[in-house]
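Trainee: The structure under discussion is supplied below as structure tokens; questions concerning it will follow.
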Amino acid sequence: MKYIYLHGFASSPQSYKAQYLKHCFGIVGINLEILDLNQGDFSNLTLTRQIEQTVAAFENTDTPVTLIGSSLGAFTATWVGEKYPQVKGLILLAPAFDFLSHWLPKLGKAQFKQWQDSGYLSIYHYGENKLLSLGYDFFIDGEKYHQGLFTNSIPTLIIHGKWDETIPVAASIEYAQNRSNVKLITPDSDHSLHDQMEFIWEEIKSFCAIKQQNDYGKP
């Protein structure tokens with residue numbers, strides 16, 4: 001089994017969640033591959049590019065894959081799972097289902113028009129700790145992807161905080177409805193889930209049937 005982690009929007013492989021989980025997987029002798037979805041070119045980021053990059057990280061057509069994603073990375077993971085049967089498990093942390101419908105109202109009409117007219121929008125990038133420009137193609141491309149099109153039956157673990165201020169937990173509740181393959185957990189937490197990492201690791205171990213070798217070096 002190959003394990004791949006997809007970080008969130010305007011984040012990086014050095015994020016707290018990514019590094020915490022890489023450490024935990026390492027303790028049990030498993031390599032967690034963390035992709036850099038920025039590719040050194042955040043301005044030209046699109047969901048399609050993230051999907052293509054994820055698929056390119058698969059070793060071959062015979063190796064089963066479990067995808068772990070945070071926020072937009074989780075939404076990306078779900079789309080990859082929809083199209084590629086190699087994906088045997090999905091672990092989605094605060095998945096950004098239908099992200100545009102939640103993000104654009106917060107952006108506001110004036111700022112959206114400026115983005116549309118100029119072709120670029122200034123976004124605070126948490127991985128770089130500075131403002132970066134995001135191309136308008138991110139929006140055009142994102143309109144092609146809708147939660148309602150998902151039909152996969154992959155075993156899926158979703159952990160989504162009840163008090164998520166970025167993507168409402170209702171988005172995950174809606175996704176989990178009538179899907180017997182989905183286990184949804186809604187802890188008392190926000191979008192970051194930083195206060196739930198020990199709990200998340202325990203759930204991942206159970207979901208993936210990972211046996212703990214020892215507790216040495218646990219973060």
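Trainee: Please verify whether D195 is acidic (D, E) and either touching a residue at least 40 places away in the same chain (Cβ under 8 Å) or not in a loop (DSSP other than H, G, I, E, B) (or both), treating the condition exactly as stated.
Mentor: So D195 passes the test.
Trainee: Something else now. Given the criteria of a type outside the set (D, E, K, R) and in contact with a Phe, Trp or Tyr (Cβ under 8 Å, 6 or more places away or on another chain), does Y126 qualify?
Mentor: Here the answer is no, as Y126 does not meet what is asked.
Trainee: Pick out, from the range 8-121, the strands (runs of 3 or more DSSP E) lying fully within it that include 3 or more residues that are modelled with pLDDT of 95 or more and over 26 Å from S133 (Cβ atoms).
Mentor: Values: elements: 32-35, 65-70, 87-93.
Counting at least 3 such residues, we get 65-70, 87-93.
Trainee: Which members of the range 66-96 meet the condition of being β-branched (V, I, T) and under 17 Å from Q196 (Cβ atoms)?
Mentor: I68, I91
Trainee: With respect to S118, is the statement that it is without any contact (Cβ under 8 Å) to a residue 40 or more places away in the chain, within 30 Å of L184 (Cα to Cα) and surrounded by fewer than 16 Cβ atoms within 10 Å (Cβ to Cβ) true?
Mentor: no
Trainee: Look through the range 162-192, keep the residues that are of a type outside the set (A, V, I, L, M, F, W, C) and not in a loop (DSSP other than H, G, I, E, B), and return whichever of them is farthest from Y5 (Cα to Cα).
Mentor: E174
One line per residue, one yes/no per condition, for (1) farther than 19 Å from I210 by Cβ; (2) basic (K, R); (3) touching a helix residue (DSSP H, G or I) at 6+ places or on another chain (Cβ under 8 Å); (4) surrounded by 13 or more Cβ atoms within 10 Å (Cβ to Cβ):
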| position | (1), (2), (3), (4) |
| --- | --- |
| L35 | yes, no, yes, yes |
| Q50 | yes, no, yes, yes |
| F58 | yes, no, no, yes |
| G69 | no, no, yes, yes |
| A74 | yes, no, no, yes |
| A77 | no, no, yes, yes |
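Trainee: Which one of T156, T151 is crowded, with 18+ Cβ neighbours inside 10 Å and of a type outside the set (A, V, I, L, M, F, W, C)?
Mentor: None of the others qualify; the one that does is T156.
Trainee: Also, quick follow-up: Quick one: in the range 1-21, which of the residues that are buried (at least 18 other Cβ atoms within 10 Å of the Cβ), over 26 Å from G119 (Cβ atoms) and not hydrophobic (A, V, I, L, M, F, W, C) is farthest from the chain's Cα centre (by Cα)?
Mentor: K2
Trainee: Identify the residue in the range 121-143 that is more than 25 Å from A171 (Cα to Cα) and among the charged types (D, E, K, R) and, among all such residues, is surrounded by the fewest Cβ atoms within 10 Å (Cβ to Cβ).
Mentor: My answer is K130.
Trainee: For the range 140-161, how many residues meet the condition of being outside any loop (DSSP other than H, G, I, E, B), more than 27 Å from E202 (Cα to Cα) and in contact with a Ser or Thr (Cβ under 9 Å, 6 or more places away or on another chain)?
Mentor: So the answer is 4.
The values are calculated or read from the model by the stated rules, or taken from the named source; none is laboratory data. Here the structure is a predicted model, which is why all the values come from computation and not from measurement. For neighbour counting, all protein chains shown are included, and Cβ atoms are generated from backbone atoms with ideal geometry for every residue, glycine included.
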